[in-house]
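Data block below; observations after.
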Amino acid sequence: MELKDYQKKTLLQVKNYLEAIAEFKAKNERAIKIDPELSINFPLKAWEKVVGTTYYSKKNGLGEDLPNFYLKIPTGGGKTILACHSIDLINRVYLKKQTGIILWIVPTTQIYRQTFASLKDREHPYRQVLDIASGGRTVILEKMDRFNKLDVSENLVVMMLMLQSSSRQNKETLKVFKDSGNFAEFFPQEDDINGNEKILKDFPNLDYFGDENNFYGRMVKTSLGNILRILKPIIIIDEGHKTYSEIAQATIRNFNPSIIVELSATPPQKSNILVNISGQELNREEMIKLDLRITKKASLEWQDAMRAALEKRNFLEQKAKEYEANTGEYIRPICLIQAERTGKEQRGTRFIHVEDVKEYLIKQCGILEEDIAIKSSEKDDIEGIDLLKKDCRVRYIITKQALQEGWDCAFAYILAILTNPRSQLSITQLVGRILRQPKARKTKIKELDESYVFCFQHNAKELLDNVKKGFEAEGLGDLAGRVSIDEGDTESVEATKEKTVGYRERFKKFAGKIYLPKFVIQEKEGWRDVNYEMDILSRIDWNKVNLEMLKGISLSKLRVEEQEVVIGLSEDKKKLITEKERVSKEGGLEIDRVFMTRQILDIVHNPWIAYDIGKKVIDIFLTNHDKKTVTNNLVFIIEEMRKHLEKERDKLAEQVFRELLEQKIVWFFLLYDKGGYKLPSTIRVKNTSKKLIRNDNTLVQQSLFEFVPEDTFNEMEKSVALYLDEQEKLLWWYRNLSRQDYYVQGWKKNKIYPDFIFTDTDGKTKDNYSRVYVVETKGIYLKNEDTDYKKNVFDFCNRLGQQKDWKELNLEFAEKRIEFQVIFSDEWQTKINEVFGI
């Protein structure tokens, strides 16, 4: 494997430093023989000679000066091949040998598996470098593999070790530090008291049994950890920035290494950076796919971004086939898809789940199931699969955050971000996964030498900021900060334990007696909640859909809705990246009526009706435009068709809903035994939840329940809750939780879960109430069609409630009224003041 120029430069610098270390170490050994007080810090002296910057000295477990340095190499820069060459240089230039033991430490299972498989493969370039260095005598081991003295003296032994196995506080319980009969030949016999004491004198940090004052003295543990301390290994640390807990550093140094080489794109502060390779150098050497093209969809639907990414991947695969026909080089472009949730129990919530994305790709986009893989903490469809092989079918990988440092596939070209812009997830951790160039050389086909990001609803500035952070996290710019990794969706056992909480003492008289109305439908002799699909969507007459509005949509090869931002590395060293241009892309699909049908089946559930609508839409555009124009704009047409059909569906659904009420098929009931809702008398809260407190650091006093978890509020909701809690005319308030508490089912699919339910005092006894308020809060930036819909539903509920006389229901609600409101962040305080007459 021919090295790139920057890799040759890196190894030359490593060689220069190792030569200086060998020089000053020899001087140090000669000086010590004369007088131990003449000892010098030889790694520091070598650093001053070769590098000249500040050197941060370290010592191993024996108190000896420990040479250590960092290779700062960006993602895609070939850190592992450089590590293999560095091992060769350390043995030849510094240690003057070909054999010995290498401890190769990695931080994650993903990196462990990939590195171990590559080092075991005699055909892989990594292994070939080690075989040349050792004269073909390379042995690759895992931590519990058995080896003996002869193995180490006659071979280059590389032992893989996960960082967690060497960094925990309770290390005595870990196998690497356990006494084992497998390694007895490295140690004196149990009854050899002098032999045990001698080896402990030479290596005072060895683990042992007993006490030197006992009759049998001390006996060294025959553990792998002790063998490593005796053999003084070369230590290679991949993604070295992950080892910087105090425990991890101490544990690694306590292995008594002869030298430590760390590799990372983002070294932490106070690191001895021997080599610093820039992103510009990688780009010049054709190691990464740039420019990076970001397509920001204006749509509010994640499916639109997914379709655009699918279209791009299909286009790239066609280009890849042409490239293969001309060169024989195989490329299968892969699209990485970031969803919001992966856990089984999290499907069906308001978050985009990996299984939802997979289902959409199969059912509506016609993608074969074998072309799709899920990579998460719960499911790993790509484990053990070589994604670069020609017989591999994977073209789409859906994940949340599992594809982070260490995951490597040069076929990954596209990143589809389906997360909400306000989600804590971002493209920062994933952008580096699509930058590596296949075969580490440009194809000379522009589209195959670039990478692509598709997203929706994101702010352009935030996008660029996130891309910049992503580039920095991959070593393509100055280190801005360490990236915090959140691997899974699971919570700790303690966090999932719950306790039951009841009403406050003064409100217990209301337990089981607080009712709220719901839309219900009679079924046989009982009542059930209105079901959107069963009762509303199924009654829509799609023949009433008006497609005339689509005739006024003009088609063009340039579409503002699909603007592409082209990002490249800046020539200005003070800037990391720069926006090079903005372009618009053309459609690349064929006119396929079956494909169009799939795109609207989530709106029009009947495939025959959906097919007929899709055909009519295509005919409308073909009447006014030529086939090529329609083909080039097909994705745009599908988006406009979906938007229009959604509006038509909602309009027709509202008609159905109102007709069902007029026909007395649907009712707005308060009675619990007829489908109304009764506020729960108890709730479950996590043991680890913090109580909501007022601004004066006292607990809230007017909440219906004794315990109110702070983590169920966003900032606006918290402000509303605290303001309510201070109102003299308020009796109690309740935080209504989404997906589990009271809701109103209107004529759209999504149920409306209000944020608060609260009551005023009746003005008489002040321990009872006359009116119940059901309130939904919204940020001012969320004033949109969905908010208008909620206001319409709530207004409708208020009108129906005014027509009701709860006295007829023979409840304790006889004199009470219920009022529904939607209030915004710029008006909530005024609205609450109006409620309480302030």
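Below are the figures for this structure:
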read-out	value
Which numbered condition residue 196 fails, given (1) at pLDDT 80 or above; (2) in a helix (DSSP H, G or I); (3) closer than 30 Å to residue 106 by Cα	(3)
Candidate set from region 496-517 (those that are among the aliphatic types (A, V, I, L, M) and modelled with pLDDT of 85 or more); member that is nearest to residue 816 (Cα to Cα)	516
Residues being within 48 Å of the chain's Cα centre (by Cα), farther than 13 Å from residue 254 by Cβ and surrounded by 16 or more Cβ atoms within 10 Å (Cβ to Cβ) - total across region 193-218	2
Residue tally, condition closer than 13 Å to residue 836 by Cα, open to solvent by 30 Å² or more (accessible area, probe 1.4 Å) and either under 33 Å from the mean Cα position of the chain (by Cα) or among the aliphatic types (A, V, I, L, M) (or both), over region 721-737	0
Whichever residue in region 352-369 is open to solvent by 10 Å² or more (accessible area, probe 1.4 Å) and free of Cβ contacts under 8 Å to residues at least 24 places away in the same chain and, among such residues, is nearest to residue 398 (Cα to Cα)	355
Within region 114-148, tally of residues that are in a helix (DSSP H, G or I), open to solvent by 50 Å² or more (accessible area, probe 1.4 Å) and not polar (S, T, N, Q)	3
Lone unmet requirement of (1) under 22 Å from residue 79 (Cβ atoms); (2) open to solvent by 10 Å² or more (accessible area, probe 1.4 Å); (3) at pLDDT 80 or above for residue 412	(2)
Those residues of region 88-107 which are hydrophobic (A, V, I, L, M, F, W, C) and in contact with a strand residue (DSSP E or B) (Cβ under 6 Å, 6 or more places away or on another chain), in sequence order	90, 101, 102, 103, 104, 105, 106
One residue from 254, 213 being farther than 15 Å from residue 78 by Cα and either out of contact with any Lys or Arg (no Cβ under 9 Å at 6 or more places or on another chain) or without any contact (Cβ under 8 Å) to a residue 24 or more places away in the chain (or both)	213
Residue under evaluation residue 247, criteria (1) of a type in the set (Val, Ile, Thr); (2) closer than 17 Å to residue 79 by Cα; (3) open to solvent by 10 Å² or more (accessible area, probe 1.4 Å), criterion not met	(2)
Region 316-330 - residue that is in contact with a helix residue (DSSP H, G or I) (Cβ under 7 Å, 6 or more places away or on another chain) and of a type in the set (Ser, Thr, Tyr) and, of those, most open to solvent (accessible area, probe 1.4 Å)	330
Listing of strands (runs of 3 or more DSSP E) fully contained in region 642-758 that carry 2 or more residues being out of contact with any Cys (no Cβ under 7 Å at 6 or more places or on another chain) and without any contact (Cβ under 8 Å) to a residue 40 or more places away in the chain	730-735
Tally, over region 766-804, of residues that are open to solvent by less than 20 Å² (accessible area, probe 1.4 Å), among the polar types (S, T, N, Q) and modelled with pLDDT of 90 or more	0
Filtered residue count, region 109-136, keeping only those that are touching a strand residue (DSSP E or B) at 6+ places or on another chain (Cβ under 6 Å), farther than 23 Å from residue 382 by Cβ and not acidic (Asp, Glu)	2
Long-range neighbours under 7 Å by Cβ, at least six apart or interchain, first residue under 22 Å from residue 361 (Cβ atoms) within region 602-618, second of a type in the set (D, E, K, R) and part of a helix (DSSP H, G or I)	603/642; 603/646; 603/649; 611/593; 614/593
Sole exception among (1) surrounded by fewer than 15 Cβ atoms within 10 Å (Cβ to Cβ); (2) part of a helix (DSSP H, G or I); (3) over 35 Å from the mean Cα position of the chain (by Cα); (4) modelled with pLDDT of 75 or more for residue 807, by number	(4)
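The values are calculated or read from the model by the stated rules, or taken from the named source; none is laboratory data. What you see is a predicted model, and the numbers here were worked out from it, not measured in a lab. Ideal geometry is used to build each Cβ from the backbone, glycine not excepted, and the neighbour counts take in all protein chains shown. For accessibility, only protein heavy atoms count, side chains too; no ligands or nucleic acids. Shrake-Rupley method; radii C 1.70, N 1.55, O 1.52, S 1.80 Å.
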